[in-house]
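See below for the structure under consideration.
Every number in this text was worked out from the coordinates using simple rules, so none of it is lab data. Owing to the predicted nature of the structure, the values given are computational and were not obtained by experimental measurement. Cβ: placed from backbone, ideal geometry, glycine included. Neighbour counts: every protein chain shown.
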Amino acid sequence: MPGKWGHADYKELKKLQDRLLRLENNHFEEFCSAAAKELAARLLALVIPATPVGNYPKETGKKGGTLRRGWTGNAQVDGKTFAQSLPIEKHGDTYVITVENTVSYASYVEFGHRQTKGRYVPAIGKKLKEGFVYGQYFLTHAEEALERISPAILQKKLDKFLREVFSGDGTDV
């Protein structure tokens, strides 16, 4: 005697399939790009205020902050806006955004440098007192802080993204 299987309604499975296809069709790449830009913006938000500003005597007419402004290429925008303009490179499954300081001496302030003790430097109007200047590691510390908080940031962003995909009402990342 042949068995009866009954009636099955596959509408919900079809909806799930459509949502998964929507997830697959570039929305995941959009999500990854948006996540990369958010992490870049957060790095800039951490490193810009931590970057030291030079103090110059008033008579020199120099103004400090060149190194700090170097994070945004001297653009008069905040870090979040600047991060949105940065290009993303995709290498396999990895999304890469390069955040760099355009000021030539940034690495010397970050990691330290040797100098000739007793040499007169006209730009600062003084003789150098030390043979080595220790680094301030403002970028290194900002990267470490971002590494600590990034899992929670990405988890929250992924949860929101998946809720939008599976609820069927949102396509924005």
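Going 7 Å from the Cα of H113 along its beta-carbon direction, which residues of segment 137-161 have the amide nitrogen within less than 19 Å of the resulting point? It comes to 137-140, nothing else.
Legend: distances between Cα atoms for K37/K63; K11/K37; K80/K157; pairs beyond 27 Å are K37/K63; K11/K37.
For segment 6-82, the Kirkwood hydrodynamic radius comes to 16.7 Å, computed from all pairs of different C-alpha atoms. Computed from point charges on the beta carbon alone (+1 for Lys and Arg, -1 for Asp and Glu), the dipole magnitude for the chain about its Cα centre is near 940 Debye. Under a no-solvent Debye model with one identical scatterer per Cα of the chain, what's log10 I(q)/I(0) at q = 0.11, 0.15 Å⁻¹? Scattering profile of the chain, log10 relative to I(0): -0.66, -0.96. Of the DSSP H helices in the chain, those that are both long (alpha-carbon extent of 27 Å or more along the helix axis) and hydrophobic (Kyte-Doolittle mean at least 0.0) are 28-50.
Given R0 = 41 Å, the distance between the Cβ atoms of S104 and S167 translates into a calculated FRET efficiency of 0.25. Full extension of the segment from D78 to T60, taken as 0.36 nm per residue of separation minus the current Cα-Cα distance, would add 3.7 nm.
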